[in-house]
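> Let me give you the structure first, and then I'll get to my questions.
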Amino acid sequence: MRATSRLLQACRITLFTRENCGLCTEARSVLSDVWDTRPFQFKEIDIIKSDSKPRWRDLYEFDVPVIHISKSSAPEEHPQAASKTVKLMHRFTTDQVKAKMDLVEKA
C-alpha cells in the first residue's frame, strides 16, 4: 500500500488560546470536527503562559483564538514569522480551515 500525497504533506495546526476564552472553546470544537475527516498534527499555545521572546501575548492578546496552519515538516512557529503564516482568527468554520489546509498542502 502506498501513502497518499495528503498523508505525506500532512498539516500542523497550532491553536493560540488563553484561559476562560469562549471563542477558544468554539475553535477547539471546529478543529475537532476537521480532525474527524482530515487528521493533522496539533499544538496548543496559551499566549499568557508562553515563554517565547518576543511573546505570543504581545502579538495576539486581543485576537485569540488564532490558528496557524503549516506543513508538518515546517519549523516550529515563532512570533517574528507570524506575519507570513497562513492563519485564521476569531471565528472560523470547518470549511475555512480545510480550505487553508488545501492551500498549505499545495504550496
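> Considering only DSSP beta bridges whose two residues both sit in the chain, what percent are antiparallel, to the nearest 5?
Working: 10 of 16 bridges.
Approximately 60 percent, going by the DSSP bridge assignments.
> Something else: Quote the Stokes-Einstein diffusion coefficient, in whole µm² s⁻¹, for the chain, based on the Kirkwood radius over alpha carbon pairs, a temperature of 4 °C and a viscosity of 1.567 mPa s.
Working: Rh = 14.2 Å.
D = 91 µm²/s.
> Still on this structure: In whole percent, and with a 1.4 Å probe on the protein chains, what portion of the accessible area of the chain is carbon and sulfur? Intermediate results must be reported in sequence, preceding the final value.
Numbers: 3480 of 6660 Å².
Carbon and sulfur together cover 52 percent of it.
> Compute for the stretch 62-107: radius of gyration divided by Kirkwood radius, i.e. Rg/Rh, restricted to C-alpha atoms, rounded to two decimals.
Working: Rg = 10.8 Å, Rh = 11.3 Å.
Ratio value, two decimals: 0.95.
The values are calculated or read from the model by the stated rules, or taken from the named source; none is laboratory data. No experiment lies behind these values; they were computed from the predicted model shown. Ligands, DNA and RNA are stripped out before the accessible areas are found, and what is left, the full protein with its side chains, is counted by its heavy atoms. Shrake-Rupley method; radii C 1.70, N 1.55, O 1.52, S 1.80 Å.
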